[in-house]
Each structure stands twice: as structure tokens, then as C-alpha cells.
Amino acid sequence: MDLVAQGRGIGHALLAGVEAEVQARSGRLLLVETSGTPAYTSARRFYESSGYRCEATIQDFYAPGDSLWIFSKDLGQARSPRETLGGYPQVEEMIAVVPTSIVG
């Protein structure tokens, strides 16, 4: 995500929209992956702060010294993402424009 957008709740809003769409389609588990390099530290923190758990790392997956980190979130146990969106006034608009091609 562009550094200018970080800290404004946009990533959390978009992720909540994806989670809501997956739940609406009877999905219960989301998997995300990211790099293990220092440049992706904020991405890993973002997923952890959003309730994702690191399930696995695969060393040197992308390149030597660049591991694959796999995170998961069980949506069957989570509250509805729409319930967690308080404080993000732009969320309903964003959820409406999330292309379905990215979620299924």
C-alpha cells in the first residue's frame, strides 16, 4: 500500500469488505501471503492486527533470503466484519466497489 495511504484505515476497510464478501458466499477461511523481507514488516503487522495468524513460513521461497509468510483467519469464528467497521465512515462506499473478481 502506498505510504501516503497508511494509517488512514483504508486497508482495514478493504480487508473487512473482502471478509464480508467471503462470509456472504459461505466461506469460512481466508489465507493471505506476503514476503518475509524487512520491507514487508508493516504488511505482516497489518495482517496480525486484523486477526490473522501466521501459519507457516517457507524459507527462501521467493529468492534467497526472501521467505514466504502465510497467514490465516477463520471467519467462521470471527464476528461479522461489518460489525467491526465502526469508525470508518468510508467503509460502506468501499465495500460497494470491491470487485468480486478479487474475492472469488
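The values are calculated or read from the model by the stated rules, or taken from the named source; none is laboratory data. From a predicted model like this one, the values you see are computed outputs, not experimental measurements. Quick reminder, even Gly has a Cβ in these numbers, built from the backbone with ideal geometry, and neighbours come from all protein chains shown.
For Tyr47, the requirement of being of a type in the set (Phe, Trp, Tyr) and in a helix (DSSP H, G or I) is met.
Could you please let me know if Arg82 is at pLDDT below 95 and not in a strand (DSSP E or B)? Steps first, answer last, please.
On the way: at pLDDT below 95: yes; not in a strand (DSSP E or B): yes.
The answer is yes for Arg82.
As a summary of the residue check, Phe61 satisfies the conditions (1) modelled with pLDDT of 95 or more; (2) aromatic (Phe, Trp, Tyr); (3) in a loop (DSSP other than H, G, I, E, B) except for the one numbered (3). For region 1-18, the candidate set comprises residues that are surrounded by fewer than 16 Cβ atoms within 10 Å (Cβ to Cβ) and under 13 Å from Ser42 (Cβ atoms); within that set, the residue that is modelled with the lowest pLDDT is Met1.
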